[in-house]
Amino acid sequence: MSQKNHHELPPFTGKSKSYLLPGLLIALAIGAGGYYFSKAPSTPGDQAGPPGGGRGGPGGFDAPTAVAVETASQGDFPVYLNGLGTVTALRNVTVRPRVDGELIKVAFTEGQLVKEGDLLAEIDPRPFQIQLQQAEGQLLRDEALLKNAEVDHARYLTLLEQDSIAAQQTVTQEAQVKQYRGIVEMDKAQVNNAKLQLTYARVTAPIPGRVGLRLIDQGNIVRASDTTGLVVITQMQPITVVFTLPEDKVQAIIQRWRTNEPVAVSAYDRAGKVKLAEGKLLAIDNQIDSTTGTLKLKAQFDNNERTLFANQFVNIKMHLDTLRGVTLVSTAAIQNDSQGPFVYVVKEDKSVQLRRVTLGPTEADKVVVLSNLTANEIVVNEGTDRLKEGSKVDVAQKDGQAVAASPASQQPKPEDQGEGKFRKRDRRS
């Protein structure tokens with residue numbers, strides 16, 4: 001005998017249907033009414049749409065995007081090559097003594113600017129003065145002997161004409177005269193050498209420049225064989241800078257160098273902000289460094305302000321060329337994507353056009369546009385992240401100057417119209 005299933009639904013009867021139909025009708029009526037009231041505007045303000053005249057949502061118009069713009073200009077654009085360099089003195093001399101002796105005087109101040117020939121130090125001159133006196137005394141003696149030999153030779157020639165002496169004696173006396181002449185010449189050389197050694201006792205500056213720190217003190221015995229020296233002099237005016245440029249710029253550099261016109265070079269401080277000196281290109285190296293792929297160049301500076309020091313690190317800007325009558329925009333106006341650089345050009349109807357461009361050199365905040373953009377066209381330089389082809393824009397700033405608000409931006413705020421007014425009225429009530 002089978003048991004009755006307690007989960008089994010009771011059979012559907014006509015009496016049950018009479019209770020179900022009224023409930024379904026009531027539910028359908030409530031749903032239809034809710035859909036109607038959700039679609040219909042509740043106040044006149046809701047029918048006005050968003051400020052600016054556009055209607056949001058599918059099929060409507062987006063509000064204009066506030067942007068800053070600038071006008072593309074036309075002008076001359078200087079092209080520079082930037083490099084890193086080290087200041088190198090034209091001449092750097094270690095001053096050493098040429099004679100041995102005691103250093104009795106130091107005549108320079110450390111860091112002093114000196115001219116060629118200025119006295120730097122003195123070595124005890126007395127030994128050299130004595131050597132000079134000895135050489136001069138020997139010269140006087142030998143000159144007297146020469147004079148006596150010349151007198152004897154003249155007398156022998158007279159006697160020879162009278163056939164009073166042998167010819168051999170005259171020849172011997174003539175040789176004696178030549179011998180004394182040679183001795184006198186040697187004595188004169190000794191005198192000049194002694195004078196030179198005495199001159200070397202005064203140590204003078206061989207070049208103009210700035211002296212460094214003193215390497216030896218007064219009272220020491222110095223020798224010509226010393227390697228340390230007395231002081232180092234570095235020539236400050238003029239001075240040179242050795243700098244490097246990438247090897248892919250070599251051809252442009254060579255072409256500019258062949259014009260035989262001066263190539264202007266500027267030296268800046270380590271940060272690249274303060275200009276230190278103006279000069280010109282002096283020389284180009286004859287080979288490229290294979291380890292770094294760079295070419296060495298040398299520039300010369302007058303350094304009148306003495307702002308450049310030997311071994312100083314500087315930034316170099318070399319004026320390579322000047323592009324005439326090119327289109328210029330700020331670097332902020334240039335955008336990039338996977339297809340390359342582009343700009344947003346503002347048309348007369350206040351919509352933007354995405355324009356692909358070809359760029360030239362850049363300097364500071366300006367860039368050269370070589371193609372697809374002309375002077376006086378208006379491009380967006382701020383607010384580009386919210387733009388796309390055909391977007392409407394509201395210009396808030398042009399060429400750095402504020403622009404008057406457009407009529408769309410002067411529309412009443414939402415709380416002054418539509419639903420906002422009724423809400424204020426409700427709050428007052």
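The values are calculated or read from the model by the stated rules, or taken from the named source; none is laboratory data. It should be emphasised that the depicted structure is a prediction, and the values quoted were computed from it without experimental measurement. Cβ coordinates were reconstructed from backbone atoms using ideal geometry, including for glycine residues, and neighbour counts include every protein chain displayed.
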Report summary line: Arg202 vs (1) in contact with a Pro (Cβ under 7 Å, 6 or more places away or on another chain); (2) surrounded by fewer than 16 Cβ atoms within 10 Å (Cβ to Cβ); (3) not aliphatic (A, V, I, L, M): all pass except (1)
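For (1) more than 30 Å from Asn372 (Cα to Cα); (2) in contact with a helix residue (DSSP H, G or I) (Cβ under 7 Å, 6 or more places away or on another chain); (3) of a type in the set (D, E, K, R), each residue gets a yes or a no:
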site	(1), (2), (3)
Val87	yes, no, no
Leu90	yes, no, no
Ile123	yes, no, no
Gln138	yes, yes, no
Glu143	yes, yes, yes
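Yes/no per residue for (1) outside any strand (DSSP E or B); (2) touching a strand residue (DSSP E or B) at 6+ places or on another chain (Cβ under 6 Å); (3) under 30 Å from Val241 (Cα atoms); (4) free of Cβ contacts under 8 Å to residues at least 60 places away in the same chain:
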position	(1), (2), (3), (4)
Thr94	no, yes, yes, no
Arg98	yes, no, no, no
Ile130	yes, no, no, yes
Gly137	yes, no, no, yes
Glu143	yes, no, no, yes
Leu146	yes, no, no, yes
Ala149	yes, no, no, yes
**Report entry** Complete set of residues in segment 237-260 that are more than 19 Å from Glu278 (Cα to Cα) and among the hydroxyl-bearing types (Ser, Thr, Tyr)
**Finding:** Thr259
Report task. Collect the residues in segment 122-178 that are within 30 Å of Ala201 (Cα to Cα) and charged (D, E, K, R), keeping them in residue-number order. Result -> Glu122, Asp124, Arg126, Glu136, Arg141, Asp142, Glu143
Query raised in the report: Of all strands (runs of 3 or more DSSP E) completely enclosed by segment 325-386, which ones contain at least 1 residues that are free of Cβ contacts under 8 Å to residues at least 60 places away in the same chain?
Result: 335-337, 340-346, 352-356, 358-363, 366-371
Requested in this report: Considering each of Gly101, Gly83, Gly111, Gly117 in turn, give the residue that is at pLDDT 90 or above, under 30 Å from Leu370 (Cα atoms) and among the small types (Gly, Ala, Ser).
Outcome: Gly83
Report task. Restricting attention to segment 284-315, report how many residues are assigned to a strand (DSSP E or B) and either under 27 Å from Val211 (Cα atoms) or among the hydroxyl-bearing types (Ser, Thr, Tyr) (or both). Result -> 8
Report summary line: Those residues of segment 370-387 which are of a type in the set (Val, Ile, Thr) and exposed (fewer than 13 other Cβ atoms within 10 Å of the Cβ) amount to Thr374
Query raised in the report: Hey, among Lys249, Lys275, which residue is in contact (Cβ under 8 Å) with a residue 24 or more places away in the chain, over 21 Å from Leu90 (Cβ atoms) and surrounded by 13 or more Cβ atoms within 10 Å (Cβ to Cβ)?
Result: Lys249
Requested in this report: Go through (1) in contact with an Asp or Glu (Cβ under 9 Å, 6 or more places away or on another chain); (2) more than 29 Å from Asp394 (Cβ to Cβ); (3) assigned by TED's automatic domain parsing to the domain that holds Thr384 one by one and return the number of the condition Val314 breaks.
Outcome: (3)
Query raised in the report: Any idea which of (1) of a type outside the set (A, V, I, L, M, F, W, C); (2) touching a Ser or Thr at 6+ places or on another chain (Cβ under 7 Å); (3) closer than 27 Å to Ala252 by Cβ is the one Ser351 doesn't satisfy?
Result: (3)
Report task. Being of a type in the set (A, V, I, L, M, F, W, C) and closer than 27 Å to Ile183 by Cα is the filter here, so list the residues in segment 89-146 that pass it. Result -> Val99, Phe128, Ile130, Leu132, Ala135, Leu139, Leu140, Ala144, Leu145, Leu146
Query - Given (1) crowded, with 18+ Cβ neighbours inside 10 Å; (2) farther than 18 Å from Val79 by Cβ; (3) hydrophobic (A, V, I, L, M, F, W, C), number of the condition Val367 does not satisfy - result: (2)
